[in-house]
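Chemist: My structure is below; once you've seen it, I'll send some questions.
The values are calculated or read from the model by the stated rules, or taken from the named source; none is laboratory data. What you see is a predicted model; the values in this text were computed from it and never measured. Cβ: placed from backbone, ideal geometry, glycine included. Neighbour counts: every protein chain shown.
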Amino acid sequence: MCAGGLRNLLAVSWSQLPLDKPIQLSGNSFDALERALDPLPEDCPLVFGYKSDVDVGFRNLVGNVIGLLEQSAIDMFPAWLPGAAELGDLTAQSLLAADDLARRESTRTGAFAPYLCALTRTALGSPSSTAGFSREIQTEQLSRILKRGSDRPGLALLVHVEGEGPAGRDLELAADWLSRHGRMGVWMTDSVVERFTQWELRIPESTTTARPPQPPGRSVPKSGSPRADSDVECILEEALSKELWAYDREWNKTLRVGTQLTSPIRVDLVWQDSALVIEIDGDEHRAVGKYASDRKRDNMLQLRGYVTLRYTNGQVLHDLTAVLDQIRTAVALLRNPRTVRNYTG
């Protein structure tokens, strides 16, 4: 029984969990659930993980989640806009063509055309912004876009509240607000909101068991994970896991680097103690529009004190030793600017 005398509900698959309200999800840790979601099971909705401090506040929590969803939609582009893959480089003509595609998609699906046009321009690398739209519009439209682009049966947010003690009214309000306006499930692990129905999820044992112990001195703490569909990220992570200097790295992390009106930036890999960002670029980053978008992101990060190193897929695949050596040197310099330590792993 959970608080208030409500009976725990049992789900034996991801598809049985609610996608229209916030719940407390028990039976597994946040980390175990993340492992079970990588790669995403076939019967599973599109799920985003979000970690928050209990005192983050309603406004910041909602804003951070909107930023996470928007960056994810940008990363997913052009999957959610038919015909956008043929737009080519960022030009006045391609922007007009993008607007036309967005309006057509709006007519076909019922999406809000002004927002879809603005997000499409942003995804192409234009300085356009969606910040002028209300949070209600942003949340509803992003939910639509992500569901359509992923071809998944729904959308859910997996929330882990760090720390102990009551989270307060803000957490409850934010979960309700996001679920209602985004038409998404909000699945809270270690939740402190007692009025939410408690569900227990039974996932296959193989996805929850601890990883086999690593030889002494060869296991390096990290958070997040490389994308399961990126062989290059997985290869780099495998190499970093054997390096003692590579501790405290975070994969696919969303950074808040500007004001509340600035969308957070999702980076491939970051060492926050060193303010070092690593980006792995595929061939699509050679396009003029993508190049401009990358420079805009790099400049924003630089203004907030981050150093960005960019590597192509080919460099990681064919010159991994040199890539590791450069990253090691940068981490050492930025952790302690007065000396470069000779790390060995």
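Chemist: Any idea which of (1) surrounded by 15 or more Cβ atoms within 10 Å (Cβ to Cβ); (2) modelled with pLDDT of 90 or more; (3) of a type outside the set (G, A, S) is the one E34 doesn't satisfy?
Modeler: Every condition holds for E34 apart from (2).
Chemist: Collect the residues in the stretch 120-143 that are modelled with pLDDT of 95 or more and touching a helix residue (DSSP H, G or I) at 6+ places or on another chain (Cβ under 9 Å), keeping them in residue-number order.
Modeler: F133, R135, E136, I137, Q138, T139, E140, Q141, L142, S143
Chemist: Determine, yes or no, whether S134 is buried (at least 17 other Cβ atoms within 10 Å of the Cβ) and of a type outside the set (V, I, T).
Modeler: So S134 fails the test.
Chemist: Further question on the same structure: Is at least one residue of the stretch 90-97 buried (at least 20 other Cβ atoms within 10 Å of the Cβ) and modelled with pLDDT of 90 or more?
Modeler: Within the stretch 90-97, none of the residues are buried (at least 20 other Cβ atoms within 10 Å of the Cβ) and modelled with pLDDT of 90 or more.
Chemist: Are there any pairs, at least 6 apart or on different chains, whose C-beta atoms fall under 8 Å, with the first in the stretch 326-345 and within 18 Å of V307 (Cα to Cα) and the second among the aromatic types (F, W, Y) and at pLDDT below 50, and if so, which?
Modeler: R328/Y343; A332/Y343
Chemist: Is it the case that A73 is outside any loop (DSSP other than H, G, I, E, B), surrounded by 20 or more Cβ atoms within 10 Å (Cβ to Cβ), touching a strand residue (DSSP E or B) at 6+ places or on another chain (Cβ under 6 Å) and not assigned by TED's automatic domain parsing to the domain that holds E279?
Modeler: In short, no.
Chemist: Moving on. Residues in the stretch 149-174 that are at pLDDT 70 or above, more than 18 Å from the chain's Cα centre (by Cα) and either farther than 21 Å from R35 by Cα or among the basic types (K, R) (or both): how many?
Modeler: Final tally of qualifying residues: 6.
Chemist: Among the helices (runs of 4 or more DSSP H) contained in the stretch 89-200, which hold 3 or more residues that are among the hydroxyl-bearing types (S, T, Y) and either within 23 Å of L40 (Cα to Cα) or in contact (Cβ under 8 Å) with a residue 60 or more places away in the chain (or both)?
Modeler: Qualifying helices (runs of 4 or more DSSP H): 135-150.
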